[in-house]
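Colleague: Take a look at this one; I'll ask things after.
Bear in mind these aren't lab numbers, they're just calculated from the coordinates by the rules spelled out. Only a predicted model underlies this, so the values are computations on that prediction, with no experimental measurement involved. Cβ placement follows ideal geometry from the backbone for every residue including glycine, while neighbour counts extend to all protein chains displayed.
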Amino acid sequence: MTKVAIVYHSGYGHTAKLAEAVAEGVTRGGAEVALLKADDLTKPDEGPWDELNSADAIIFGAPTYMGGASATFKAFQDATSKVWMSGGWTDKLAAGFTNSGSVSGDKLATLQQFAILAAQHNMMWVNPAIPSGFNMKEHTWNDAENRGGFFMGVGAHSPVDTSPEEAPVAAELETGRKLGERVAKAALRWVKGA
C-alpha cells in the first residue's frame, strides 16, 4: 500500500493538532499514514528512520518560531544528512505545513525551508492547490480555508493565548486535511507510474 509519512514537531500542541488533521486527509486520500515526531528523529542512528524511509511521500510540519522551523525540527532536518548521503529520498514526494501565533509570522520562510530540504533530497514538491479563502467578502476569517493565502504549503494561525482545543480553527484543520488528501492521491499516482 502507498505510504505517506508525516514528520512534525509541536511546541504547545497546536501543530500536533494540525498534523493529526493532515493524517486524516492522507487516510481520506487512500494511503497508509505514519505520524512521526521529529523529537524522535534528531539523531541519524536513533528513532523510526526505517519507517520514515519506507514512505513514498513525506510531509514536513513544524511551528514557525522566530522566522523559521523550530529548533527540534531543524535538528531532525540536520539528522537527515545520512539519508542525503545515500540518496534515500530521491524521487519521493514532499509537502509541508506550519503554524504560528501571528497571522503571517513569516510562515512562508518555514515552508520554503521545507521545500529546500525536499530539493536537497531530490524530492518532488506537492503544494496544497487550495485557493485563498479570505479574499472575498462572503467569507469570514474563521470559516475560510487557506485563509492566509499560502500556496507553497499550509500555514495555520493559532493565537498565542489559545489552547490547542481552540486553534487552529476547523477551516484550517480542513485545509490540512485537503493537503494530506492531495499528497496521498499524488503518491498513489506516482507509485503506479500514471
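Colleague: Amide H neighbours of Leu35 under 5 Å, counting only residues 5+ apart in sequence or on other chains, H built in-plane at 1.01 Å?
Modeller: Ile6
Colleague: Please list, in order along the stretch 17-28, the HN-Hα scalar couplings obtained from phi with the Karplus expression 6.51 cos²θ - 1.76 cosθ + 1.60 (θ = phi - 60°), rounded to whole Hz, x for Gly and Pro.
Modeller: 4, 5, 4, 5, 5, 4, 4, 4, x, 4, 4, 4
Colleague: In the Gaussian network model of the chain, springs joining C-alpha atoms below 10 Å, which of Trp125, Trp141, Trp89 carries the largest mean-square fluctuation?
Modeller: The residue that fluctuates most here is Trp141.
Colleague: Compute the projected area of the convex hull of the Cα atoms of the stretch 1-104, averaged over all viewing directions, and report it in nm² to one decimal place.
Modeller: Hull-based average projected area comes out at 6.6 nm².
Colleague: Also: Pick from Asn135, Asn146, Asn122: which residue has the top mean-square fluctuation in a GNM of the chain where Cα pairs under 10 Å get a spring?
Modeller: The residue with the greatest mean-square fluctuation here is Asn135.
Colleague: Can you give me the relative contact order of the chain as a percent, contacts being Cα pairs under 8 Å and 6 or more apart?
Modeller: 29
Colleague: Next question. I need the phi-derived Karplus couplings for the stretch 178-184: 6.51 cos²θ - 1.76 cosθ + 1.60, θ = phi - 60°, integer Hz, Gly and Pro marked x.
Modeller: With the stated coefficients, the stretch 178-184 comes to 5, 5, x, 5, 5, 5, 4 Hz.
Colleague: Let me ask something additional. Taking the Cα centre of each part, how many Å lie between the stretch 94-132 and the stretch 1-72?
Modeller: 13
Colleague: Taking the alpha-carbon set of the stretch 3-192, what are its Rg and Dmax in Å?
Modeller: 15.3, 52
Colleague: Quick one: Arg28, Arg177, fewest Cβ neighbours within 10 Å first, how do they rank?
Modeller: Arg28, Arg177
Colleague: How many nm is it between the label spots at Gln112 and Tyr12, if each spot is 7 Å from the Cα in line with the beta carbon?
Modeller: 2.6
Colleague: In whole Hz and in residue order, list the ³J(HN,Hα) couplings for the stretch 158-172 that follow from phi through the Karplus curve 6.51 cos²θ - 1.76 cosθ + 1.60, θ = phi - 60°; x for Gly and Pro.
Modeller: For the stretch 158-172, the Karplus-derived couplings read 10, x, 5, 9, 10, 8, x, 6, 9, 8, x, 6, 3, 5, 6 Hz, x marking Gly and Pro.
Colleague: Compute a Gaussian network model of the chain, connecting alpha carbons closer than 10 Å, and tell me which residue from Ala167, Ala119, Ala94 fluctuates the most.
Modeller: Ala119
Colleague: So what's the angle, to the nearest 10 degrees on a 0 to 90 scale, between helix 107-120 and the longest Cα principal axis of the chain?
Modeller: Approximately 20 degrees, to the nearest 10.
Colleague: Taking amide H positions as placed in the peptide plane 1.01 Å from N, state which residues far from Leu93 in sequence (5 or more) or on other chains have amide H under 5 Å from it.
Modeller: Those qualifying (amide H under 5 Å, at least 5 residues apart or on another chain) are Ala57, Ile58, Met124.
Colleague: Non-local amide H neighbours of Gly101 (under 5 Å, H modeled in plane, Pro and chain starts lacking H): which ones?
Modeller: Residues meeting the amide H criterion: Ser158.
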